[in-house]
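The values are calculated or read from the model by the stated rules, or taken from the named source; none is laboratory data. This is a predicted model, so every value here is computed, not measured. Cβ coordinates were reconstructed from backbone atoms using ideal geometry, including for glycine residues, and neighbour counts include every protein chain displayed. Side chains are part of the model used for accessible areas, which takes the heavy atoms of the whole protein and leaves out ligands, DNA and RNA. Shrake-Rupley method; radii C 1.70, N 1.55, O 1.52, S 1.80 Å.
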Amino acid sequence: MKEYQKNIIAVIIIVIVGLLIFREMFTNEGFLIKSDNPVHMIEAKYLADEIIPEHKWINGWYPYEYAGQPIQVYTYQLGIWLVVLIYYLGINIFLAYKIAFFIAALLPAIALYFILRKRYGIIPALITGTFFLFQRDYTKLYLAGMWSQAIGIALLIITIYLLDKYSDKINLKRSLTLGIIFALIILAHPFVTITAIYLIGTAAIINALKTKNYTNIKYYLLIGITGIILTLFYLYPYFETSGWYLTEYGWGLGDNIIDILYTLTGMFLGLKPHTIVFTPIINGQYTTAITELVKSIYQNLPVLLIDLFFIIGLVYYRKEKNKEEKKLLYLVLIFIIISLILGTGFWYLFDFGRKIPLFGAALSYRFVYYAKTGLFIIAAYGLYKTINNHKEKIRKISYLILGIIIIGLILGSYKAPESYTETSGTTALYEETITMWKYLEHNTDKNARILNQNTYGNIQEPSITYDAMLSPMANYYNGLNYIGSWYTTVYPLENKFNTEDNKIFGIKIEEITEEELKKNLEIYNAKYIITLNNEWDNKLKNFKTLKEIYRSENYAVYDYETYKPEWIISKNKIDYTINNFNDQDIKIKINNLHQQNNIVIKIAEHPYWKAYINEKEIEVNSDENKLIKIEIPEGEYELDIKYQPRKIKYVLLSFIGLISLIILNRYRSI
């Protein structure tokens, strides 16, 4: 059998295993509702339907949530682009999203197979790559909507391979190749980007110490420079609008060293599933504890085997005489150590930790997951050595173990948890929600927003799982404007509009007064309120200014009946007519008789909102509620307000960088 045929079979095996693990995601009808999934799906659809065809760009302004918000400006790109590409093939957005998710989830396993295949042979590479899919923590992370980083992890694995391959002969062309991969990592995920930076830095230091040729560091610096230049078209908003978005929202693994080390060990070695035995042991239920332990070992068997071969790999590493072999393993070990140190989130133990640039926004546990890519590489080495030294014994045992795992796959022992593959079609609350949305579509004022209590954390099973999200899909079904449906940790209005755990305009529901509620509704042009649980409902139905207009088993809708929606208010009275009110272009005919006057437009302020009178730019500011505020001159004129995120100079720099790479690539001798 030819090499390419063996590789095709190997990839098919990985795909089949992936399908068996994620099967219910496809068999369940509707869209994925766990955590971030609905938000990312709506981002992809809006990008595909509006931003790309209408504005010819990769990011823009989404007007239907958070009083408007930048979309695809401060978030990863490749995953969403993949959804868009599949969607453009004519596939329904729900299915397109699932397919993109599945492709991304498989990529690290496939990348592991191909880089390990060259060094350790087909069997160790295929087993290691396939077993990567069995990690329950990864599965949960992906199914919670954080799957785009899988693309970055696959690219990170390729980077490890190339850094090792080129270490003794790094040159301009090879550093540019690595620079292209680094650019893709930047587009894939910011946390993987940080990981790639210290990986490349580690390789540079190792190379310099080994060769005593410190001039080679310039090639590693060029990797970073190339990646940044190629992605300037995406990166520039981070620098230009610094100070607008929030940067202190990360967290570590615990509040003390003991908690951190306990969590770190469990995550890195994939031992968390076995902690289920602690409760029955504490309660003296030893039979139950043994049963749960056996069950958890079976369900976690592939990961435990990888842990075993990782330890064996470390033992063999100490005895390894082959310097070429040891070179890769040394790089991987240093990478693991640095990743685990960062994975602790130790800086959060100090008051200044959240103020450290980049790290203040880091979710440190992600670095532990990235360290596990190194664990799998060393495990492949350990498996390879074990097979070579104990071929006959291993063959018999491996047949038995693989048979047990295959049976478990078929029977569903290794499938993703049901609560994570839940879709709209399997959710008891879905049909009731659709009915409520359709009512709102035909019975509300389209010029007003709707305050929507999010499902996340506000309603319990069996109606919907705790961290599932239906509310971000509201606009998809009825085209109306909302606040409170999403959560976006980096935006200034997050604390105001986050409705998790019974908060309303940042105030606990039991503490808000009727006057406070009315004031906030008017500030953000919200006339209607959707309640989802008794706490909100019991409070709001006692407010005299609110009228109940809809009720079902779980939902109630209230109307601030006396409020007349308006998008614009002014310090002193003006006459105005709104000639255009699109997502990124607002035109207002104004007659202002006052020398000193300002208007507030009830849309979230952002640095890329620009205002013009007769093509002359005037200043746009943020008011105390983080809405657009503009000082307007006396007279009669048309005020043109545009959202302008595209900066040609950065696009040109990225384009010139790409063209330069193509030209350099033609000179093979470099």
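Looking only at the stretch 586-621, residues that are within 19 Å of residue 67 (Cβ to Cβ), surrounded by 15 or more Cβ atoms within 10 Å (Cβ to Cβ) and of a type outside the set (S, T, N, Q) come to 15 in all.
Checking 546, 493 one by one, the residue that is farther than 30 Å from residue 145 by Cα and either among the aliphatic types (A, V, I, L, M) or in contact (Cβ under 8 Å) with a residue 12 or more places away in the chain (or both) is 546 and no other. Contact map, the stretch 222-247: residues that are on the phi > 0 side of the Ramachandran plot paired with residues that are acidic (Asp, Glu) and not in a helix (DSSP H, G or I), Cβ distance under 6 Å, separation 6+ or inter-chain. No pairs are found. Just so you know, in the stretch 412-447 the residues that are of a type in the set (Asp, Glu) and in contact with a Lys or Arg (Cβ under 8 Å, 6 or more places away or on another chain) include one that is least open to solvent (accessible area, probe 1.4 Å), and it is 422. The numbered conditions (1) of a type in the set (A, V, I, L, M); (2) outside any helix (DSSP H, G or I); (3) in contact with a Leu (Cβ under 7 Å, 6 or more places away or on another chain) are all true for residue 100 except (2).
Tally time: how many residues in the stretch 320-340 are free of Cβ contacts under 8 Å to residues at least 24 places away in the same chain and either charged (D, E, K, R) or within 21 Å of residue 139 (Cβ to Cβ) (or both)? Talk me through it step by step, then tell me what you get.
First, the residues of the stretch 320-340 that are free of Cβ contacts under 8 Å to residues at least 24 places away in the same chain: 320-324, 326, 337.
Narrowing the set further to residues that are either charged (D, E, K, R) or within 21 Å of residue 139 (Cβ to Cβ) (or both) leaves 320-321, 323-324, 326.
Within the stretch 320-340, residues that are free of Cβ contacts under 8 Å to residues at least 24 places away in the same chain and either charged (D, E, K, R) or within 21 Å of residue 139 (Cβ to Cβ) (or both) number 5.
Tallying residues that are in contact (Cβ under 8 Å) with a residue 40 or more places away in the chain and among the hydroxyl-bearing types (Ser, Thr, Tyr) within the stretch 210-221 yields 3. With the condition kept exactly as written, say whether any residue in the stretch 320-339 is exposed (fewer than 14 other Cβ atoms within 10 Å of the Cβ), under 26 Å from the mean Cα position of the chain (by Cα) and among the hydrophobic types (A, V, I, L, M, F, W, C). Checked the stretch 320-339: at least one residue is exposed (fewer than 14 other Cβ atoms within 10 Å of the Cβ), under 26 Å from the mean Cα position of the chain (by Cα) and among the hydrophobic types (A, V, I, L, M, F, W, C). Among the residues making up the stretch 345-361, those that are open to solvent by less than 70 Å² (accessible area, probe 1.4 Å) and either farther than 14 Å from residue 254 by Cα or at pLDDT 95 or above (or both) are 356, 359, 360, 361.
Take residue 493 and tell me if it is of a type in the set (A, V, I, L, M, F, W, C), out of contact with any helix residue (DSSP H, G or I) (no Cβ under 9 Å at 6 or more places or on another chain) and modelled with pLDDT of 85 or more. When the stated conditions are applied, residue 493 passes them.
Residues in the stretch 583-598 that are without any contact (Cβ under 8 Å) to a residue 40 or more places away in the chain and closer than 18 Å to residue 627 by Cβ: 597, 598.
Among the residues making up the stretch 379-408, a single one is touching a helix residue (DSSP H, G or I) at 6+ places or on another chain (Cβ under 6 Å), open to solvent by 30 Å² or more (accessible area, probe 1.4 Å) and aromatic (Phe, Trp, Tyr): 384. Where residues in the stretch 116-146 are β-branched (Val, Ile, Thr) and open to solvent by 20 Å² or more (accessible area, probe 1.4 Å), which of them is farthest from residue 300 (Cα to Cα)? Among those residues, the one meeting the criterion is 122.
Here is a yes/no grid of residues against (1) open to solvent by 40 Å² or more (accessible area, probe 1.4 Å); (2) touching a Gly at 6+ places or on another chain (Cβ under 9 Å); (3) in a helix (DSSP H, G or I); (4) touching a residue at least 24 places away in the same chain (Cβ under 8 Å):
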position	(1), (2), (3), (4)
259	yes, no, yes, no
264	no, yes, yes, yes
281	yes, no, yes, no
289	no, no, yes, no
297	yes, no, yes, no
307	no, yes, yes, yes
318	yes, no, yes, no
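Among 553, 636, 624, which is exposed (fewer than 12 other Cβ atoms within 10 Å of the Cβ) and touching a residue at least 60 places away in the same chain (Cβ under 8 Å)? From the options 553, 636, 624, the qualifying one is 553.
When residue 73 is tested against the conditions (1) in a helix (DSSP H, G or I); (2) in contact (Cβ under 8 Å) with a residue 40 or more places away in the chain; (3) under 18 Å from the mean Cα position of the chain (by Cα), the lone failure is (1). Give the stretch 154-180 a look and list any residue that's free of Cβ contacts under 8 Å to residues at least 12 places away in the same chain and either over 19 Å from residue 329 (Cβ atoms) or in contact with a helix residue (DSSP H, G or I) (Cβ under 6 Å, 6 or more places away or on another chain) (or both), or say none. The one that is free of Cβ contacts under 8 Å to residues at least 12 places away in the same chain and either over 19 Å from residue 329 (Cβ atoms) or in contact with a helix residue (DSSP H, G or I) (Cβ under 6 Å, 6 or more places away or on another chain) (or both): 169.
Scanning the stretch 636-653 for residues that are at pLDDT below 85 and in a strand (DSSP E or B) yields no hits at all. Looking at the stretch 20-46, which of its residues are open to solvent by 10 Å² or more (accessible area, probe 1.4 Å), touching a residue at least 24 places away in the same chain (Cβ under 8 Å), closer than 23 Å to residue 414 by Cα and part of a helix (DSSP H, G or I)? Matches in the stretch 20-46: 20, 23, 24, 26.
Of the residues making up the stretch 460-486, those that are at pLDDT below 90 and surrounded by fewer than 22 Cβ atoms within 10 Å (Cβ to Cβ) are 460, 461, 462, 463, 465, 466, 467.
Residues considered: 513, 531, 489. Of these, the only one that is under 22 Å from residue 563 (Cα atoms) and either open to solvent by 30 Å² or more (accessible area, probe 1.4 Å) or hydrophobic (A, V, I, L, M, F, W, C) (or both) is 513. The number of residues in the stretch 342-395 that are farther than 24 Å from residue 264 by Cβ and either of a type in the set (Ser, Thr, Tyr) or part of a helix (DSSP H, G or I) (or both) comes to 12.
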